[in-house]
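Heads up: the structure comes next, in structure tokens.
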Amino acid sequence: MTLYVRLGFRPLVWPRMVRPPDDRGFPSFRLVSPVSGAALGPRGTMVTTGLMLVLGGARSGKSRRAEALLQQAPPPWTYIATAEAFDDEMAQRIAAHRARRDARWQTLDAPRNLPAVLRGVAVGAPVLVDCLTLWLSNLMLAEGDIGTETVALEAVLARRTGLTVLVSNEVGWGVIPATPLGRRFQDAQGLLNQRMAAMANHVELVAAGLPMRLK
């Protein structure tokens, strides 16, 4: 449910109902800026610390949304990329992502060693990880220990004090994969998303470029 609070003809803020209600039985509200789309704290201030998770399907706009959220914190910003350019098409996708980022961004590559790379970044520095899906698939193809690596990632995230934004794909709404490997990946991705969402204090789902607050 969304309530619109207006002054004149311009919406000021959209309070979004978050269930369950508080201990007094009243629904709680989280605020999202209608102009910038920024995540807002309980008093309407921009969120510049904590852990955020941005979920979405392919070409949903989740990466752009995650970049916008991270830029609520002051620069410089660190971008941890998990993609590898195995072919020309992937190289073009990586180049398109890099073209959106100016000199205020530092890019680090972590196709499989995400916990170690994230551990090397200052705990108070704003960081964007894009994305957990490619990191997971790289681990699976390399026959890595997903459980151990996930625990290591959770430990690093728990120590961070600066704004950290994670991007991940929502893969549970499509058809069931036809191969055992595909089904293992779909299951592992769903469980990874659940674990990251449990840690995060802000979770969004992006569809058609539009973010919806889940937590």
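Each reported figure results from applying straightforward, stated rules to the coordinates on display, with no laboratory input. On a predicted model such as this, the values are computed, not experimentally measured, just so you know. Cβ atoms come from the backbone with ideal geometry, glycine included; neighbour counts cover every protein chain shown.
Taking Lys and Arg as +1 and Asp and Glu as -1, the other residues whose beta-carbon sits under 13 Å from that of residue 148 total -3. Quick one: net charge of residue 67's neighbours, Cβ under 14 Å, K/R +1, D/E -1? Neighbourhood net charge equals +4.
Taking each residue as 0.36 nm, the span from residue 214 to residue 194 lengthens on full extension beyond its C-alpha to C-alpha distance by 6.0 nm.
Label separation (residue 89 vs residue 119): 3.6 nm, computed from points 7 Å beyond Cα along the C-beta direction.
Summing Lys, Arg as +1 and Asp, Glu as -1, what charge do residues with Cβ under 14 Å from the Cβ of residue 176 carry, residue 176 excluded? Before the final figure, lay out each step's value.
Working: positive: 183, 184; negative: 187.
In short, +1.
With the highest mean first, a sort of the peptides 99-110, 151-162, 201-212 on other beta-carbon atoms found within 10 angstrom per residue produces 201-212, 151-162, 99-110. Placing dummy labels 7 Å off each Cα toward the beta-carbon, the span from residue 100 to residue 173 is 1.8 nm.
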